[in-house]
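See below for the structure under consideration.
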Amino acid sequence: MEVRVRYAPSPTGLQHIGGVRTALFNYFFAKSMGGKFILRVEDTDRERYSDESLQDLYDTLDWLGIKWDEGPVVGGPYGPYIQSERFDIYKEYAEKLVRDGKAYYCYCTPERLEKVRQEQIASKSEYQGYDRHCANLTDEERADLEAQGIKPVIRLRVPTEGKTTFHDVLMGDITRKNKDVSPDPILLKSDGFPTYHLANVIDDHMMGITHIMRAQEWIPSGPLHILLYEAFGWEPPIYCHLPMVMGKDGQKLSKRHGSTSVRDFRAKGYLPEAILNYVTLVGWSLDDHTEFFTKEDLEKCFRMENIHKAPGVFDYKKLDWFNGQYIRQTDDEKLAALVTPYLQECGFISKEESEEEKKLVLSLIPSVKERMKVLSDVVPLTSFLFQDVPVTDKAVYVAKGSNEENTLQALEEGSQILLSSLKEGKAESEIEEALVALSQKLGIKINGVFQPIRVAITNSTVSLPLFDSIRLLGLEETEKRLGRAISFFKEN
Ligand code: GLU
Ligand code: ZN
């Protein structure tokens, strides 16, 4: 049997970490089993639908390098793959269920349904759901309602007795009493729009989906879906509901934790390789030590059995670490091209960068590469080269455990040592030793000397290694900035 899985998002928002993880698990499972990965757009909720979300779905998968074998744009034998283009199919199948007695027309007005709801709340202190008012209408009653021009919905006839079980690869058997399944949910709305349950089940069946890997929040829909498969007389697929993605605090990952949309991560300068690698590790592992996986690795080694039962934790720091690792693995030319838009964005280099600017950016790479967590870090790390905004807050120069007086001395004597040694062409290690000796003489920590020098030269406490900064800035400009800092300290 050929494995066929799908990612079936609703384009009602930007692709987020949880969704993308579902896509990746499905994709890698399909590839590792020699099967097919299908993309299906579940856009039946027209109110929440947006073109932007749909475009974001395509852009995100493209950026990650995830190609779908069948789906929108590329087509396939079971298309269309966009649910709003399949309404005829849903109507046909819903009507078939009515003919078979598995579903029925309901003519209740919103007002009546609301009245039922209020009455139930008043008498049982809880809403029990639809009261099955139209479950057994006679043909005459129906004809009468039709004659009044009322457009009915179609509801599934959920058995009131017995129970329904579905098997989940990770969770085992999940059983629900039929009387606890939502009473007769709507399958087709009066305007001909299908509900999620109907469209989802029909499409999974018609598209030959063999395994369903989706978020755990869909478990409550499981019994209802099984009842639908039974009503149609179809074999349900194999289910594997994925563990939740949580923040470090044990709560479901959400905006409260930080960015969750892939678009945001991309804008900040995360690399697709890092996102793909790290996100796949949220709730999945090959063994207890392997951390680095390329897309090609995962296309081979992903196994459903290795999906964790416990929720996965999305750790922003860990992602930063992965991203830093991937940045350091990227070759300099490519990295230069990747950081260029960030430098252009803030006006450090021109939009149509000149050959000279290209060379300049490339010359920055060996130093910034070691310090970047995300591509956008290039801006704070190199801004001292492109704009000169001296720090005028003394406190920024003063390291922990030092004071203004020592800081001024560190600046004066440190500059002396630094500039004369550099002019003499002394080795960096030797210069460093001399600066360390200065800190000892002043009775302060090493940083008490290095911090003011660094702030004077780079106008910031976040910066490249000191000697890299000086090399990039040039000795003349370095001397000028050090002198300026000393005067500032003396005059204020
Ligand atoms: N459209 C649903 C979603 O947005 C699909 C759920 C499923 O995979 O069945 O998650
Ligand atoms: Zn009704």
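Starting from the Cα gyration tensor of region 270-349, take the square roots of the eigenvalues, sort them a ≥ b ≥ c, and report rounded, prolate or oblate (rounded when a/c is under 1.5, otherwise prolate if a/b is larger than b/c, else oblate).
Details: a/c = 3.25, a/b = 2.18, b/c = 1.49.
In terms of gyration-tensor shape, prolate.
The convex hull around the C-alpha trace of region 420-492, projected and averaged over every direction, spans 5.1 square nanometres. Note that region 125-190, at 37 °C in a medium of 0.692 mPa s, gets a Stokes-Einstein diffusion coefficient of 229 µm²/s from its Kirkwood radius over C-alpha pairs.
When its C-alpha radius of gyration is set against 2.2 N^0.38 Å (N residues), region 237-304 gives a value of 1.26.
Considering every pair of different Cα atoms, what Kirkwood radius, in Å, is found for region 1-79? Intermediate values should be presented prior to the final figure.
Values: mean 1/r = 0.0780 Å⁻¹.
Kirkwood hydrodynamic radius for region 1-79: 12.8 Å.
Scattering from region 402-454 was approximated by placing one identical point on each alpha carbon and applying the Debye formula without solvent; log10 I(q)/I(0) at 0.18, 0.26, 0.29 1/Å stands at -0.48, -0.95, -1.13.
Kirkwood Rh over Cα pairs of region 148-258 into Stokes-Einstein at 37 °C, 0.692 mPa s: D in µm²/s? Estimated via Stokes-Einstein, D reaches 209 µm²/s. Rg and Dmax of region 1-159, based on Cα coordinates, read 20.9, 58 Å.
Here are some pairs, LYS252/LYS400; LYS268/LYS309; LYS248/LYS309; which of them have Cα atoms lying more than 27 Å apart in this structure?
Details: LYS252/LYS400 39 Å; LYS268/LYS309 31 Å; LYS248/LYS309 17 Å.
As for pairs spanning more than 27 Å Cα to Cα, those are LYS252/LYS400; LYS268/LYS309.
What does the net charge come to around ARG214 if you take all other residues with beta carbon closer than 14 Å to its beta carbon, with K and R at +1 and D and E at -1? Mind dumping the intermediate values first?
Working: positive: ARG6, ARG21, ARG40; negative: GLU42, ASP168, ASP203, ASP204, GLU217.
With Lys, Arg at +1 and Asp, Glu at -1, the neighbours total -2.
Computed FRET efficiency, Cβ-Cβ of SER460 and SER487, R0 25 Å: what is it to the nearest 0.05? List each step's numbers first, then the result.
Working: r = 19 Å, r/R0 = 0.77.
Result of the calculation: an efficiency of 0.80.
The lysines whose alpha-carbon is closer than 26 Å to the alpha-carbon of LYS96, local same-chain residues fewer than 8 away aside, are LYS151, LYS163, LYS177, LYS179, LYS189. Were the residues from LEU170 through LYS300 laid out at 0.36 nm apart, the gain over their Cα-Cα distance would be 44.7 nm. Partners of LYS295 within straight-line reach, counting lysines whose Cα lies under 18 Å from its Cα and excluding those fewer than 8 residues away in the same chain: LYS31, LYS36, LYS67. If you model region 185-248 as an ellipsoid using its alpha carbon gyration tensor, with each semi-axis the square root of five times an eigenvalue, the axes come out at 23, 16, 10 Å, biggest first.
With the Cα gyration tensor of region 341-472 in hand, give its eigenvalues times 5 under a square root as the equivalent ellipsoid semi-axes, listed largest first in whole angstrom.
Values: eigenvalues 177, 56, 29 Å².
Calculated on Cα positions only, the semi-axes equal 30, 17, 12 Å.
A Stokes-Einstein calculation at 25 °C with viscosity 0.890 mPa s, built on the Kirkwood radius of region 82-221 over Cα pairs, returns a diffusion coefficient of 145 µm²/s.
A straight Cα-to-Cα reach below 13 Å connects LYS115 with the aspartates and glutamates ASP131, residues fewer than 8 places away in its own chain not being considered. Computed on the chain, the Cα convex hull volume stands at 220 Å³ per residue. Building the convex hull from the alpha-carbon atoms of region 165-323 and averaging its projection over directions returns 12.1 nm².
Any read-out appearing in this document is the output of simple, stated calculations on the displayed coordinates, not a laboratory observation. If you're wondering where the values come from, they're calculated on a predicted model, not measured in any experiment. Positions of Cβ are backbone-derived with ideal geometry, glycine not excepted, and every protein chain shown enters the neighbour counts.
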